[in-house]
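For reference, the structure is listed below as structure tokens.
Only the coordinates and a few stated rules stand behind these numbers; no lab work does. Just so you know, these numbers come straight off a predicted model, no measurement behind them. Please note: Cβ atoms are built from the backbone with ideal geometry, for glycine as well, and neighbour counts cover all protein chains shown.
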Amino acid sequence: MIRYSLVCEAGHGFESWFPSSDSYDTQIERGLVTCPVCETAKVGKALMVPNVARTDREREPAAPAKVEAPVTMIAEPERQMRAMLRALREHVVANAEHVGARFPEEARRIHYGEAEGRSIYGEATPAEARALVEEGIEVAAIPILPDDRN
């Protein structure tokens, strides 16, 4: 397992574990790594400084750790928003057909009357979603919440 320090385009720093560096690269390319604060998938590795022990001087005793009051990681409005997004995702999963990576082509088939009209969901790259919108095909992104990946 590899732990990376990551940072999103908005500057939020966080850490995540990956089975390998190839796994990190694959997940980043697919947009599966998102910032836990702002949910953006525009994430990259932060500058990491290795912790190397010096041998040219004696070790200093570690200072006692400060115990601070617990900090709420997710504010109530964000918690409510996540609950609404989770309910929306559950509704879509229960009432639409999952077409996976075929989503862009199936959405086009439905839009142009080549397939029966029905609710579908699946995966599309940002470029594919943009192309669908430019063709006049209505699509909506439903984010995957960080705790849904655990």
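Values for this structure:
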item	result
Amide H within-cut-off set for Thr40, under 5 Å, with H built and near neighbours excluded	Cys35
Label-to-label distance, nm, for residues given as Arg89 and Ile2 (7 Å Cα→Cβ offset)	2.6
Built amide H within the under 5 Å cut-off of Ile120, gap 5+	Glu97
Karplus 3J(HN,Hα) series, Hz, for the stretch 7-14 with 6.51 cos²θ - 1.76 cosθ + 1.60 (x for Gly, Pro)	9, 8, 4, 8, x, 6, x, 7
Qualifying trypsin sites (Lys or Arg not before Pro) in the stretch 84-150, DSSP loop, other Cβ atoms within 10 Å at most 11	Arg118, Arg149
Taking all pairs of distinct alpha-carbon atoms in the stretch 5-50, Kirkwood radius in angstrom	10.7
Directionally averaged shadow of the stretch 96-141, computed from the convex hull of its alpha-carbon atoms, nm²	2.8
For peptides 31-42, 4-15, sequence by mean Cβ density within 10 Å, most packed first	31-42, 4-15
J(HN,Hα) series, the stretch 117-132, from Karplus relation 6.51 cos²θ - 1.76 cosθ + 1.60, nearest Hz, glycine and proline x	x, 6, 7, 10, 8, x, 10, 8, 6, x, 5, 5, 5, 4, 5, 4
Derived scalar couplings ³J(HN,Hα) [the stretch 15-29; Karplus, 6.51 cos²θ - 1.76 cosθ + 1.60; whole Hz; x for Gly, Pro]	10, 8, 9, 9, x, 7, 5, 5, 4, 4, 4, 4, 5, 5, 4
